[in-house]
Amino acid sequence: MERRREAVAGGEGSATGAPKPGAGERIAVTGFGLVTPMGFTSWRSVSAVIRNRSHFAWHETVLVADAPDGTALRGATISRVSGEGVRFGLTGSERSLALLAPALREAASGLSPSSGDAVPAWIINGIPSEEVGAIPCPADILPLLSPGEYLPVGRKGGSGRCLFLDRVAEAVEALGEGRCPRALVAAVDSLCFLPVLEELLAAGRLLSGPNPEGIIPGEAAGAILLEREESARKRGAPIYAFVSSWGHGIDPAPHAGGHPAQARGLTEAFIQAFDGLPCPGKEIVLVVADLNGERQRALGWAVAEERVFGPSHRERQLWLPAFSVGECGAALGVVQTVVAVAALAKDLANGEQVALCSSDDGGETRVLCLERGDFTDRHALNRWRRERQAKTNERVT
């Protein structure tokens, strides 16, 4: 495990690949939680992504210095979570905790202290804090978790985008080897702080009139609960999806030198992930990608798609969560994962498999494939809305 952590910290990626058939028990996704600017629950955020809806128009415009002396200002539209629990003034570990706590509670809602041993946790935190080592976990959830890996991310816009998928692969390996019956992987990040916005502006990456191919900074937090199939069935947990395979690759830095997109790393990551599937790539109709409005990422995806999938009589869907919730750095991977799991659970993937792809500014690329589980309920979102409305009516009366 230590060797794998060092590899990721050094930017080399984990020793990923597709699980070998029959090498171990299937690993299921039995819980998930998500907080985005679209809402404090998974279904609300997923509904927005499915409908390609955003709240950018309702979010504030922040003035960012556009000159070394700070005399020139430019407006930057940001996608920031608002609510009673996440005040705009919260920063550092307080904001990390406020964002991540609802997602952790939602993901772990089916667990109890009697569910067995404490759950190993991988927590990725991209929000800088002066409190070194402060784990953003609420007191009511902490007893359910064993001291896991807490991974603060270097503070550059776009850094750590692959870490969540890396940690999912690492957790799946730990579960497959029988080291634990279940594990939790979580991430929280925000690009809405002024120092980050100034850095993005200086790099020419903010969406604005002069730059129509920039990003809208956002923030998010999420978590998924992974579990061995036997353990999940024994406690009667819903199985939303299975992790079927993954892959990794390395591309030239997409924003360095203006070189044409070659997508070698992304292509290699897809090939590795598809190597473990029965019909490599043919069964994938839905891809949840990390495209965020930047031209180089879009060109890279176009090249990789042609190489990996080729011509097909089936129309392939491409879902882009960043266009709804904003570019949320190290937390974008968990947003993609929850959206993919929900698509399978709601029978919206038009197939049995979903692929996720992610890349960071250093050229690291990751692909994760999920397979439909036992739980498929097209009406889950409508039922959630009715429950929410009933609770609202109770408070009013």
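The values are calculated or read from the model by the stated rules, or taken from the named source; none is laboratory data. Worth saying up front: this structure is predicted, and the values here are computed from it rather than measured. Counting neighbours? That spans all protein chains shown, and the Cβs are built from the backbone with ideal geometry, glycine included.
For this structure, a couple of remarks:
- Only listed residue being under 26 Å from Leu97 (Cβ atoms), charged (D, E, K, R) and in a loop (DSSP other than H, G, I, E, B), chosen from Asp361, Asp347, Asp290: Asp290
- So Leu184, is it of a type in the set (A, V, I, L, M, F, W, C), touching a residue at least 24 places away in the same chain (Cβ under 8 Å), in contact with a strand residue (DSSP E or B) (Cβ under 7 Å, 6 or more places away or on another chain) and within 13 Å of Val64 (Cβ to Cβ): no
- When restricted to residues that are surrounded by fewer than 19 Cβ atoms within 10 Å (Cβ to Cβ) and at pLDDT 90 or above, region 80-124 contains 2.
- Val325 vs. criteria surrounded by 20 or more Cβ atoms within 10 Å (Cβ to Cβ), touching a Gly at 6+ places or on another chain (Cβ under 7 Å) and modelled with pLDDT of 85 or more: yes
- Qualifying residues in region 24-41 (those that are hydrophobic (A, V, I, L, M, F, W, C) and under 21 Å from Leu99 (Cα atoms)) - the one surrounded by the fewest Cβ atoms within 10 Å (Cβ to Cβ): Phe40
- Among residues that are in contact (Cβ under 8 Å) with a residue 40 or more places away in the chain, at positive phi and either among the acidic types (Asp, Glu) or crowded, with 18+ Cβ neighbours inside 10 Å (or both), Ala232 is not included.
A quick yes/no check of all residues on (1) more than 16 Å from Val335 (Cβ to Cβ); (2) outside any loop (DSSP other than H, G, I, E, B); (3) modelled with pLDDT of 90 or more:
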| position | (1), (2), (3) |
| --- | --- |
| Arg167 | no, yes, yes |
| Glu213 | yes, no, no |
| Gly218 | no, yes, yes |
| Gly247 | yes, yes, yes |
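- Within region 220-234, if we keep just the residues that are assigned to a strand (DSSP E or B) and among the small types (Gly, Ala, Ser), the residue that is farthest from Gly39 (Cα to Cα) turns out to be Ala223.
- When residues in region 302-320 are screened for being buried (at least 19 other Cβ atoms within 10 Å of the Cβ) and within 18 Å of the chain's Cα centre (by Cα), 2 of them pass.
- Within region 188-209, the set of residues being buried (at least 19 other Cβ atoms within 10 Å of the Cβ), assigned to a loop (DSSP other than H, G, I, E, B) and not basic (Lys, Arg) comprises Leu191, Cys192, Phe193, Leu207.
- When Thr267 is tested against (1) under 19 Å from Gly300 (Cα atoms); (2) surrounded by fewer than 19 Cβ atoms within 10 Å (Cβ to Cβ); (3) in contact with a strand residue (DSSP E or B) (Cβ under 9 Å, 6 or more places away or on another chain), only condition (2) is not met.
- Test: residue in region 364-380 that is in a helix (DSSP H, G or I), over 24 Å from Thr267 (Cβ atoms) and at pLDDT below 90: yes
- Scanning region 125-155 for residues being in a strand (DSSP E or B) and either at pLDDT 70 or above or surrounded by 13 or more Cβ atoms within 10 Å (Cβ to Cβ) (or both) gives a total of 8.
- Whichever residue in region 42-62 is in contact with a strand residue (DSSP E or B) (Cβ under 7 Å, 6 or more places away or on another chain) and at pLDDT 70 or above and, among such residues, is surrounded by the fewest Cβ atoms within 10 Å (Cβ to Cβ): Val62
- Looking across Leu332, Leu356, one residue alone is touching a Gly at 6+ places or on another chain (Cβ under 8 Å) and closer than 22 Å to Leu104 by Cβ. It is Leu356.
- Residue check for Ala237: outside any strand (DSSP E or B), farther than 26 Å from Leu299 by Cα, in contact (Cβ under 8 Å) with a residue 60 or more places away in the chain and hydrophobic (A, V, I, L, M, F, W, C): yes
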